Amino acid sequence: MAAMDVDQTGKAGDAMDVDEETPASKQFEELLDKARDLETTNPDQAIVKYKEIIDNKEELDDALCKGREAAINALCSFYVKKGMANEIKAMPENLREVFRNMPKAKSAKLVRSLIEALAKIPGTHASQVEMCQNIVEWCKKDKRTFLRQRVETKLAALLLAVKKYTEAIKLLDTLLSEVKKLDDKLLLVEIHLIECQVYYLLQNIPKSKASLTASKTNANAIHCPPLRQAEIDLWSGIVAAREKDFRTSYSYFYEGFEAYNAAEMAPEAKKCLKFMLLSKIMHKRPQDTKNIIMGKSALKYSGVEIDAMAAVAGAFEDRSLKKFEAIREQFKAQLGDDDIVCWHLTELNETLLEQNILRILEPFCKVEIAHVAELIDLPFDRTQTKLREMILDQKLKGTLDQGVGVLIVFDEEQVRSTYDSALKTIKNTSEVLDTLYGIAKQLP
């Protein structure tokens, strides 16, 4: 094809991203401009025009390939604006012939961008799973291993989101065995991180920690992208918090917050900020939350979620169980829908309940269980169950006389005096024997 000069306005250069423009590429550009103009006036006709560009039977050179790529991206963006999820889901299947004629790297990039585009439409998790499954089948037929592994990684993350943990683990195990042979460390970082999340939500903390360690090991061996490192920091904080190491968890959450804040990723930054506040509360330093919330970086993320955590900190500082439970009910959507926050606040609720019970029992040596329930403003059954748990966990020295419905509180000496005396006797006897043994050794 004969070359021609690029228009001085630079429009051709911007659209096609080439230094020279061919007649065929100029035709693509004109068709693309017409399709864009029709998006507002005649949406149906705009879709037809985009498809004409994509289905053009001209021989594919680099410029025309870029023209088709631009048309596919433009059509996909149009579908996202209109919320046409089914149309986006069908695109990878409809464009298979076009993808076969494109360079593999370019078609792989387009396929992944289509998956990301569908994710922008709310409530499409099921469609995303189905779309990824179809793409995986196509990749297997065309022997496109590189693309298949990345789509399967995305599929595992989607299965995690829809709480299909068993399927996710099965897929990840197969994927890990393949990727380890290829030693693709960047992909291994992502796979291990998803595995960490799955095991955490299955309450298997040791395996979750092992997966997180594997992810960190692979990340240290390469130049890990900042946002991937931020995700590792976030989950390092979550696992550390589950192990009750709240000082360490706060440090990890802070690192994640700084990275997401620098990248202007507001939802992720707000999540890290919420966990930072949670760490301070669980570390029994609720007074520190005020300084964090009023910090320069945190002020722009103020909202209902941060207000909820501030209210929880206030209730914990006041040691008020009733206020704490009222706040949990008031901010149910913000505190109850997050499994991680909910688990820790349940633990905190139990801690507050125990503290309140111990404070109430201080002046008593014998008290009716019904009276304790009345003072703490809780149902009789729950109060009795909690007292039983505290006695078994040795957090309360006493016994329940359920025949008459009474709690008998023991003094510390009454419970342990016999054992303490026995231990002292054994220790003293041991010292005497050691002394006698030393004297015996010195005898001729």
task: Could you identify the single residue in VAL367, VAL372, VAL406 that is in contact with a Lys or Arg (Cβ under 7 Å, 6 or more places away or on another chain), free of Cβ contacts under 8 Å to residues at least 60 places away in the same chain, farther than 30 Å from SER279 by Cα and not polar (S, T, N, Q)?
output: VAL406
query: Residues in region 122-165 that are buried (at least 17 other Cβ atoms within 10 Å of the Cβ), part of a loop (DSSP other than H, G, I, E, B) and within 22 Å of the chain's Cα centre (by Cα): how many?
result: 1
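Looking at this structure, is PHE275 closer than 21 Å to CYS342 by Cβ, in contact with a Ser or Thr (Cβ under 8 Å, 6 or more places away or on another chain), surrounded by fewer than 22 Cβ atoms within 10 Å (Cβ to Cβ) and at pLDDT 90 or above?
Working: closer than 21 Å to CYS342 by Cβ: yes; in contact with a Ser or Thr (Cβ under 8 Å, 6 or more places away or on another chain): yes; surrounded by fewer than 22 Cβ atoms within 10 Å (Cβ to Cβ): no; at pLDDT 90 or above: yes.
So PHE275 fails the test.
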field: Number of positions in region 384-410 that are within 37 Å of the chain's Cα centre (by Cα) and either among the basic types (Lys, Arg) or at pLDDT below 85 (or both)
entry: 5
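Here's a check for you: in region 278-302, which residue that is outside any loop (DSSP other than H, G, I, E, B) and basic (Lys, Arg) is surrounded by the most Cβ atoms within 10 Å (Cβ to Cβ)? I'd like the intermediate steps shown before the answer.
So in region 278-302, the residues outside any loop (DSSP other than H, G, I, E, B) come out as 278-282, 286-293, 299-301.
Still in the list and also basic (Lys, Arg): 280, 290, 300.
Numbers: LYS280: 24, LYS290: 15, LYS300: 11.
Among them, the one singled out is LYS280.
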message: Looking at region 144-163, I want the residues that are within 18 Å of LEU114 (Cα to Cα) and have a partner that is surrounded by fewer than 19 Cβ atoms within 10 Å (Cβ to Cβ) and polar (S, T, N, Q) with Cβ atoms under 7 Å, at least 6 apart or on another chain. Which pairs are those?
response: LEU155/GLN133
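Might you check whether a residue that is hydroxyl-bearing (Ser, Thr, Tyr), modelled with pLDDT of 85 or more, part of a helix (DSSP H, G or I) and in contact with a helix residue (DSSP H, G or I) (Cβ under 8 Å, 6 or more places away or on another chain) occurs anywhere in region 102-110? First the steps, then the outcome.
First, pick out the residues of region 102-110 that are hydroxyl-bearing (Ser, Thr, Tyr): 107.
Applying the additional criterion that residues be modelled with pLDDT of 85 or more yields 107.
With the extra rule that they be part of a helix (DSSP H, G or I), the set shrinks to 107.
From the residues that got through so far, the ones that are in contact with a helix residue (DSSP H, G or I) (Cβ under 8 Å, 6 or more places away or on another chain) too are 107.
Among the residues of region 102-110, at least one is hydroxyl-bearing (Ser, Thr, Tyr), modelled with pLDDT of 85 or more, part of a helix (DSSP H, G or I) and in contact with a helix residue (DSSP H, G or I) (Cβ under 8 Å, 6 or more places away or on another chain), which makes the answer yes.
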statement: Looking across region 169-213 at residues that are small (Gly, Ala, Ser) and under 24 Å from TRP343 (Cβ atoms), the single one that is surrounded by the fewest Cβ atoms within 10 Å (Cβ to Cβ) is ALA210
- prompt: List the pairs whose first member sits in region 186-212 and is closer than 14 Å to ALA156 by Cβ, whose second member is of a type in the set (D, E, K, R) and surrounded by 22 or more Cβ atoms within 10 Å (Cβ to Cβ), and whose Cβ atoms are under 6 Å apart, counting only residues at least 6 apart or on separate chains?
  reply: SER211/GLU195
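The values are calculated or read from the model by the stated rules, or taken from the named source; none is laboratory data. Computed from a predicted structure; not experimentally measured. Don't worry about glycine lacking a Cβ; one is built from the backbone with ideal geometry, like all the others, and counts go over all protein chains shown.
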